[in-house]
1. Where Rh denotes the Kirkwood radius from the mean inverse Cα pair distance, what is Rg over Rh for segment 442-493?
2. Any chance you could give the angle, 0 to 90 degrees and rounded to 10, that helix 227-236 forms with the longest Cα principal axis of the chain?
3. At 1.4 Å probe size, with no ligands or nucleic acids counted, give the accessible surface of residue 390 in Å², nearest ten.
4. Helix 426-436 versus the longest principal axis of the chain: what is the Cα-based angle in degrees, 0 to 90, to the nearest 10?
5. Keeping all protein chains in the complex and leaving out DNA, RNA and ligands, what accessible area do you get for residue 1 with a 1.4 Å probe, in Å² to the nearest 10?
6. Please report the carbon-and-sulfur percent of the accessible area for segment 171-299; probe 1.4 Å, protein heavy atoms only, DNA, RNA and ligands left out.
7. Counting only Cα, what are the radius of gyration and maximum Cα-Cα distance Dmax of segment 313-356, in Å?
8. Testing the spin-label approximation: label points 7 Å from Cα along Cα→Cβ at residue 498 and residue 85. State their distance in nm.
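The values are calculated or read from the model by the stated rules, or taken from the named source; none is laboratory data. Everything numeric here is computed off the predicted structure, so don't read it as measured data. FYI the Cβ positions are ideal-geometry reconstructions off the backbone, even for glycines, and counts take in every protein chain you see. Please note that ligands, DNA and RNA were not included when accessible areas were found on the heavy atoms of the full protein model with its side chains. Shrake-Rupley method; radii C 1.70, N 1.55, O 1.52, S 1.80 Å.
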Amino acid sequence: METTDKISCNIIVDLLQQHHIYDIVVSPGSRNAPLLIAIARSNKFKKHIVVDERCAAFMALGIATITNKPVVLVCTSGSALLNYAPAISEAYYRRTPLIVISADRPIEWIDQDDSQTIQQYEALNKYVKKNYNIPSECESDKSKWYINRIINDAILSCNSGRKAPVHINLQLDEPLNITKTLEKKPERLISLITPDVQIDKKSVNLFVEKISIKKTIIIVGFNNPDLKLKKALTKIAKLPNVVVMTESISNIGSNLFINNIDRTLSILNNEELKNLKPEIVITIGGALVSRFIKQYIRTYPPKEHWHIGITDSTIDCFKCLTSRIEIDPTKYFTQIAANLSTTISPCDYSVKWHKYARKSEKTHNNYISSIGWSELKAYSMILKNIPSNWNIQLSNGTPIRYHQLFDWTKLNRCDCNRGVSGIDGCTSTAIGASIAYENTTLLISGDLCAQYDIGALAISNIPNRFKMIVICNGGGGIFRFINSTSKLPELEDYFVTKSKLPLKEIALGYKFNYYEAIDESSLKDNLHKFITDDSRPSILAIYADGVLSADILKNYFNL
């Protein structure tokens, strides 16, 4: 096969194939031309070409979260790499494997006023698991051995232990466009064998004894769908002293769990909260959306807080951590569930929590019925009609917070960029997720967030099954709600930053089908059309008064 003459590029491509890593998101450039040639001339890869590196990185993040496999990013030299930073930081805190490959000039040309040269090696150091720097000279056997070893290491590292991005900085010397015919000789493949970690019997018995008799709350943060974990937690949740609390992006819901944390906690007074104080709190998964649960546990700290998961760091969000258990949560809870005692001590702890959960559901339904046209009313109509096989992507700000209030347990999957919780890249991430999922992916976004990532709509080959709802409230609606900004005189000018987003014109320009709703009647009429239309990607713009919607949401929580 005729391909680039750059040995390092061919080693990379061969090893990616042998490790079964096929999704590659590339951005055009000249310095990365040899690697692009090697990738383009292989028929093994799924190639996604995205001009804007920031969009490219978030799109790769979206693909990786759905496939749960590493995705490769390839960019040229200079500032191109820095555009990856927001998405790489998100991937790092979401424990998502990405392989960043940045082309670079040979090291002797750095800081010599040559074009497109910056200090690229370790430029993403704080947000990647490992950094690698490949020299431009790679003709010797020692150099080939070195490149083979570190590429194997990079691939294995990003996808083992605490999954995270890695960065390979690839120095390439001119000429960049020379090709030649290569002999077919596979690279040495290094595999990783990880022993199955089990908790020793003594520790299992100790944990089981504690969980079986002490008032325990298990809280699940963002997570991939996991049927084994759900099965184990469902069995544990049958204990009368155990309460399992989940968020929509935990992707683990059950009628035995408290699936709407904010909704439940918001109806409790201080005395009731104090009486429900747990003795043990166990956390798994990523960062929590709920401000209510964080405030509750910090105010009424348990005697013990265990965090379970492969984290490589001490996570003490509630300020009362007592045990850090470095094991996969599915393995941990499967062992615990298998050893639960059939003898159950009488306790009404779980009964009390579920009583309040049912009460909060009635309060929720009554309130939704009583309010007029607003963002909350629109969400109630949307979430009742979403087909169960759709995947949901949520932007940061109000969309993820509204979503926590409704029944999400029948949906296939819910995701949000909650590693860093930025508004940048939510649309690009959702488009990447749509590419990786065979059915429909729906992004629910605010207008400010949509505007921030409008370049994502220019990505080529967006699937027809991608749909986007934009809640248009005239700016950053979240700032009208949160305590830190909602009462400031600078609110509207400096935080909400009102702007008009011409969504209809944007949709037409990017060849999206466009729908619009300005009240309950128009939403009812257009929502069905929006859901069933699969001729092109679609946008549904929902217009609601931002100030009124913020007041309605505050009243929901009695703020």
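1. 1.12
2. The two axes meet at around 30 degrees.
3. It works out to around 10 Å².
4. Taking Cα atoms only, the helix is inclined about 70 degrees.
5. Number for this one is 120 Å².
6. Details: 3340 of 6480 Å².
Here it works out to 52 percent.
7. Cα radius of gyration and Dmax of segment 313-356 are 14.9, 37 Å respectively.
8. So the label points at residue 498 and residue 85 sit 3.3 nm apart.
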